[in-house]
Amino acid sequence: MERLTAALADRYKIERELGQGGMAKVYLAEDLKHHRKVALKVLRPELAAVIGAERFLQEIEVTANLQHPNILPLYDSGEADTFLYYVMPYLEGESLRDRLKREHQLPVEETVETARAVAAALQYAHQHGVVHRDIKPENILFQSGQALVADFGIALAVSQAGGIRLTETGLSLGTPHYMSPEQATGDRQLDARSDVYSLGAVVYEMLVGEPPHLGNSVQAIVAKILSEPPAPVRRVRSLVPTNVDAAIQKALTKSPADRFKSAAEFAAALANPSFTLATFTGATATPDARGIRRARLLGAAAMVGWSAALGLALALWLARGNHQPAILPMLRTTIELPDSAPLAFVGSGTLGVGRVSLATSPDGKILVYTAKRGASTKLYLHRLDELSTTPLTGTEGAYSPFFSPDGGWIGFFVGIELKKVPVNGGPPTHLADVPEPTGASWGTDGRILVAAREGNQFAWVPASGGDLEPLPNSSGFVYRDAPYIMPGADYAVSRAAYEASGLSATSLKTGVLRYLTQDGPVAQDSVDFARMIGGNNPRYVPTGHLLYSSGNGILMAMRFDPARLQVLGSPVEAQSGMRMESEGAAQYTVTGDGTLIYAPGSPAWLGRLV
């Protein structure tokens with residue numbers, strides 16, 4: 001303090017310390033030349049040593065030219081006795097942090113008004129090429145009720161001046177609770193969307209009373225920022241308007257590509273009562289199911305009074321060099337489907353059999369889904385490596401899409417017609433008529449296995465088109481839905497129902513059906529219904545698990561030997577809150593590379609008061 005006072009004695013008279021942050025200490029001082037109170041901020045010594053005076057002063061000149069009603073101006077900057085400092089007006093009012101300490105939660109109207117003021121300042125700065133990098137309650141000040149943003153561009157100046165040497169010291173710029181994921185991982189090429197995330201975190205705290213992610217250490221906070229979505233605001237304050245909650249969720253998405261492109265867009269959404277974005281918070285996998293990892297992908301569109309959303313799970317199913325499940329941290333991210341092509345859920349008319357609306361290519365790079373287009377449906381293709389969504393020509397009325405093993409074709413149904421369409425574009429091809437179809441699975445031998453309610457049978461259809469070839473012994477009183485061909489192509493698993501329903505496996509050579517139980521596969525004429533494993537839409541994944549949907553929107557996983565059809569462990573919950581159609585069909589699909597896509601939501605048979 002003595003050194004600092006002496007070094008600045010000819011310019012400033014330091015009165016007292018006001019506080020300190022991650023980059024600087026703040027002092028109340030008198031500007032001796034202009035006889036005014038100022039906030040004098042002195043960089044921490046370790047930062048000053050890394051940066052150097054000449055580079056810091058050169059970089060901070062850029063921010064000195066920002067002139068906006070909601071930006072606290074920069075009065076002065078300089079070096080004195082190794083101290084690097086900058087000077088801003090001293091405001092008699094309080095900071096947003098002071099208000100939050102006193103009131104904990106702020107009224108919605110004041111929150112939105114403050115957020116829009118900060119967004120206006122950010123929009124102006126971004127248009128001038130300056131990203132703040134340290135938006136937090138301490139840097140939002142109030143004077144006569146007007147919000148002002150302080151320290152504009154200081155973090156950028158420090159980062160630019162310090163360069164790689166700053167990274168090597170282990171020093172971190174920004175405040176952990178409000179860092180965007182890309183800033184938390186050390187990306188130096190930040191843009192406006194990073195500030196949008198930080199502002200979203202601040203608005204979240206203004207309404208909830210705490211930041212979106214908490215932890216006992218910087219590492220713990222950063223880990224949550226990278227892996228966990230924040231709980232919706234309305235879970236804590238149910239009277240917060242849905243558009244405000246939706247805007248905050250969009251601002252806080254992990255991927256910059258899925259956030260608002262600008263602060264102005266964020267501000268507009270906060271003030272627009274019609275802005276919507278479906279959100280869902282999923283459950284964490286139990287320890288026994290950690291081999292099945294998923295990263296949530298949320299997005300969606302309103303349809304017939306319901307909110308439809310997609311979840312995408314990206315995982316390394318197999319550890320390199322062996323065939324043991326890789327147990328790695330859960331990953332979550334977000335994606336939004338276009339408003340012009342919302343996800344559609346399709347029934348089958350009088351039978352009421354639910355249709356799965358999602359399919360993913362074997363390499364996990366392409367999602368195809370059934371979209372609502374006016375009074376009909378259409379298939380849309382979403383490339384996950386490009387984040388582009390395009391309609392597939394000639395697929396009007398489509399439902400139940402599925403991929404060929406090589407990923408080059410998409411099969412689907414229109415009424416009773418089985419068709420296929422090239423992934424890269426082109427007209428669809430009619431393959432066969434399937435009476436009352438309930439699903440299909442494309443085999444590796446150039447044939448497609450279809451399930452037909454009429455006659456309760458499985459049948460083969462050549463992938464090039466042709467007549468149905470019923471599987472022997474597959475017709476009768478037991479009907480089977482939505483077959484899935486297992487690895488090795490010896491069996492197809494499905495739900496089977498007669499006096500009771502449960503998971504079953506059908507031999508693709510003999511057509512003989514056996515029910516799956518905890519004790520092993522059992523012939524249908526001798527099964528104890530109490531021992532059957534109830535479920536629908538079974539899918540085998542390379543972790544050695546059989547996934548299937550259970551009641552109330554729960555996805556289950558159990559260890560399974562596909563060669564012996566033997567259950568190896570008790571089922572565990574892998575995901576809850578999954579949209580389910582009639583008869584238990586769940587809106588999910590899984591691919592060989594470990595991509596799980598699901599639609600969160602309530603079961604179709606549940607209603608609500610309106």
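Sparsely packed loop sites in the stretch 509-582 (the trypsin sites (Lys or Arg not before Pro) outside DSSP H, G, I, E and B with at most 13 other Cβ atoms within 10 Å) comprise LYS509, ARG564.
The alpha carbons of the stretch 1-79 give a radius of gyration and a Dmax of 13.0, 36 Å, in that order. Starting from 0 in steps of 5 Å, tell me what percent of the Cα-Cα pairs of the stretch 1-134 lands in each bin. Over the stretch 1-134, the share of Cα pairs per 5 Å bin runs 2, 9, 16, 19, 20, 16, 10, 5, 2, 0 percent.
Cross-link partners of LYS420 among lysines, defined as those whose alpha carbon lies under 16 angstrom from its own and excluding same-chain residues fewer than eight positions apart: LYS378.
Applying 0.36 nm per residue to the separation of GLN58 and THR429 and subtracting their alpha-carbon distance, the gain on full extension is 127.0 nm.
Only sites in a loop by DSSP and with at most 15 other Cβ atoms within 10 Å count here; which trypsin sites (Lys or Arg not before Pro) in the stretch 1-75 make the cut?
Answer by residue number: LYS33.
A crude spin-label estimate for the pair ASP76 and GLU94, with each label 7 Å from Cα along the Cβ direction, gives 3.0 nm. Over every Cα atom in the stretch 446-589, the radius of gyration and the widest Cα-Cα span, Dmax, amount to 14.5, 42 Å. The order of HIS104, HIS213 by accessible area, most exposed first and with a 1.4 Å probe, is HIS104, HIS213.
P(r) tail, the stretch 171-270: Cα-Cα pairs separated by more than 21 Å, 27% of all pairs. For a straight C-alpha distance cut-off of 16 angstrom, the lysines reachable from LYS250 (same-chain residues fewer than eight places away being disregarded) are LYS261. Taking amide H atoms as placed 1.01 Å from N in the peptide plane, the amide H of LEU568 lies under 5 Å from those of ARG559, PHE560, ASP561, each 5 or more residues away in sequence or on another chain.
The values are calculated or read from the model by the stated rules, or taken from the named source; none is laboratory data. Predicted model only: the values in this text are computed from it and were never measured. As a convention, Cβ positions derive from the backbone with ideal geometry for all residues, glycine included, and neighbour counts pool all protein chains shown. These area figures cover heavy atoms from the full protein model, side chains too; ligands, DNA and RNA do not enter into them. Shrake-Rupley method; radii C 1.70, N 1.55, O 1.52, S 1.80 Å.
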